[in-house]
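What follows is one structure encoded as structure tokens, with my remarks underneath.
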Amino acid sequence: MLPDFFKAPILMGILNITPDSFYDGGRNPDLQTVLKRAHEMVQGGAQILDIGGESTRPGASIVSLEEEQERVIPVITALSNEFPETLVSIDTRNATTMRKAIEAGAGMINDVTALTHDPGALDVVSEYKIPVCLMHMKGKPGTMQRDPHYDDAPQEVYDYLKERRDLCIDAGLDQKQIILDPGIGFGKTLKHNLSLLNQIDKFHALGCPVMLGASRKSFIDKVIPDTSAEDRLPGSLAAAIWAYQKGVQIFRVHDVPETAQAIEIYRNIKNIDYT
């Protein structure tokens, strides 16, 4: 079942089946652990579960297609059966993994390269016409944090996402199912990340749902030094609340119940009826 991507807040729970992701690498070593974590996320309010088998953290190594698929396909099959009302997303940049994941039950694609890494990716999206998240990344995971430069980060990211959006529309996708992610932490300095967050409502002009993926990322450590990924939940919640009041619809997070609670408290304070 597809959620209404324009009806905020939609929470996407992160489930990385990797040994080296920056926060949850190695935390999901077997299927039972993944299912337990997924249950917690769904009960906490997740409408989407995002499954990744290749880390894209800065400096991450490339994973073979075979290894990526061995990690994610059994998980997607199990989650699709266990949570038929929850949208399962495959976080991959590889066309063959996309196709196998869809065949296993995935109903959404989340590509950090906005379908630029694999020439066959757009064909898969066009064939199946399922929702796709297009993210901006400057460079590649292994090198993207080596002195990234922009003259105007929000405008350049906007222009890039507009171009990728238009390509998907030309391929027959429904604009309402093209999700745009400015890519916090992917080839950006602290100033770039903060300026993107500050102007994140700019991306609504593209007429697509907007997703924020800021959960526990290192920009928090750059604002408050020596804050490890383990200690970045407060900063993650602050970014989510900021983005929510800027109209962002989808939040890709590690901490689903906590994010849901923070947004619900904000909503109740904002909408208090004094009559």
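Read the figures in this text as sums done on the coordinates, not as results from a lab. Not measured: the values here are computed from a predicted model. No Cβ is skipped: glycine too gets one built from the backbone with ideal geometry, and neighbour counts run over all protein chains shown.
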Length-normalised contact order for the chain - Cα pairs under 8 Å, 6+ apart - percent: 20 percent
Residue of Pro119, Pro141, Pro58 that the Gaussian network model of the chain assigns the largest fluctuation, springs spanning Cα pairs under 10 Å: Pro119
Residue among Gly120, Gly52, Gly105 with the largest mean-square fluctuation in a Gaussian network model of the chain, springs linking Cα atoms under 10 Å: Gly120
Net length gained if the chain between Gln261 and Ala238 were fully extended (0.36 nm per residue, minus Cα distance): 7.1 nm
Net length gained if the chain between Asp170 and Asp151 were fully extended (0.36 nm per residue, minus Cα distance): 3.9 nm
Of Lys191/Lys217; Lys191/Lys270; Lys7/Lys270; Lys36/Lys100; Lys100/Lys188; Lys246/Lys270, those spanning more than 20 Å from alpha-carbon to alpha-carbon: Lys191/Lys270; Lys36/Lys100; Lys100/Lys188
Positive-end residue, the chain charge dipole about Cα centroid, Cβ charges, pick of Asn198, Thr275, Pro131: Thr275
For region 212-219, 3J(HN,Hα) per residue [Karplus equation, 6.51 cos²θ - 1.76 cosθ + 1.60, θ = phi - 60°, Hz, x = Gly/Pro]: 10, x, 10, 4, 6, 7, 6, 4
Additional length obtainable on full extension of the chain from Glu67 to Lys202, 0.36 nm per residue less Cα span: 44.8 nm
Spacing of the two label points (7 Å from each Cα toward its C-beta) at Lys191 and Glu163, in nm: 2.3 nm
Estimated dipole of the chain in Debye, rounded to 20 [Cβ of Lys and Arg +1, of Asp and Glu -1, Cα centre]: 540 debye
Net charge dipole size for region 27-129 [Lys, Arg +1 and Asp, Glu -1 on Cβ; Debye, nearest 20]: 220 debye
Among Gly53, Gly172, Gly247, residue whose mean-square fluctuation peaks in a GNM of the chain (springs only between Cα atoms under 10 Å): Gly172
Likely footprinting exposure, Cys208, Cys133, fewest C-beta neighbours within 10 Å first: Cys208, Cys133
